[in-house]
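Report on the following structure.
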């Protein structure tokens, strides 16, 4: 039975979560997180999407993305998951699936400002909720760009 097709719409932002296979803590090493940031930069250059929020945890990643075109979202995610899996498997001397099944994707319209703010807060609050940090500042999220004003 084929999986349900995603309902992607123009102008929508998407909260995306992707997890390491078997929920293993494969992103715990700083080098892996730095490679992930490099992959995000490559994807931004290639697909020209808006990245409103990003948080790289030790076994999953959260994004808030607005693709230029709705059809770009699967391409963005394919590129990110393919590129990072290839790099991480080499770095960690492993083979097989790196990412767990299909990524979670939930979209909302540009007029839903409350949802956007709640989603950004949720993403940036993830390290605090996981007791990895006491506050919102975290090396592998873009929360600092909001505080400094760079995200405006």
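What follows draws every value from the coordinates through simple rules; no lab data is involved. Keep in mind that this is a model prediction, so the values were computed, not measured. Positions of Cβ are generated from backbone atoms using ideal geometry, with glycine treated the same way; all protein chains shown enter the neighbour counts.
Just the residues that are under 18 Å from the mean Cα position of the chain (by Cα) and either more than 15 Å from residue 51 (Cα to Cα) or surrounded by fewer than 15 Cβ atoms within 10 Å (Cβ to Cβ) (or both), please, taken from the stretch 98-116. Spell out the reasoning first.
Keep residues of the stretch 98-116 that are under 18 Å from the mean Cα position of the chain (by Cα), which gives 98-108, 115-116.
Hits for the stretch 98-116 are 98, 99, 100, 101, 102, 103, 104, 106, 115.
For the stretch 89-104, how many residues meet the condition of being touching a helix residue (DSSP H, G or I) at 6+ places or on another chain (Cβ under 9 Å) and more than 16 Å from residue 30 (Cα to Cα)? Count: 9.
If you filter the stretch 57-97 down to residues that are free of Cβ contacts under 8 Å to residues at least 24 places away in the same chain and farther than 20 Å from residue 47 by Cα, you find that the one that is surrounded by the fewest Cβ atoms within 10 Å (Cβ to Cβ) is 93. Residues in the stretch 22-41 that are out of contact with any strand residue (DSSP E or B) (no Cβ under 6 Å at 6 or more places or on another chain) and assigned to a helix (DSSP H, G or I): 22, 23, 30, 31, 32, 34, 35, 37, 38, 39, 40, 41.
Going by the conditions given, is residue 44 surrounded by 13 or more Cβ atoms within 10 Å (Cβ to Cβ), free of Cβ contacts under 8 Å to residues at least 12 places away in the same chain and touching a strand residue (DSSP E or B) at 6+ places or on another chain (Cβ under 8 Å)? Don't jump to the end; show me each part of the working.
Numbers: surrounded by 13 or more Cβ atoms within 10 Å (Cβ to Cβ): yes; free of Cβ contacts under 8 Å to residues at least 12 places away in the same chain: yes; touching a strand residue (DSSP E or B) at 6+ places or on another chain (Cβ under 8 Å): yes.
Taking the combined requirement at face value, the residue satisfies it.
Among the residues of the stretch 100-121, the ones that are without any contact (Cβ under 8 Å) to a residue 24 or more places away in the chain and not in a helix (DSSP H, G or I) come to 3 in all. Residue 3 meets each of the listed conditions (1) in a loop (DSSP other than H, G, I, E, B); (2) buried (at least 16 other Cβ atoms within 10 Å of the Cβ) apart from (2).
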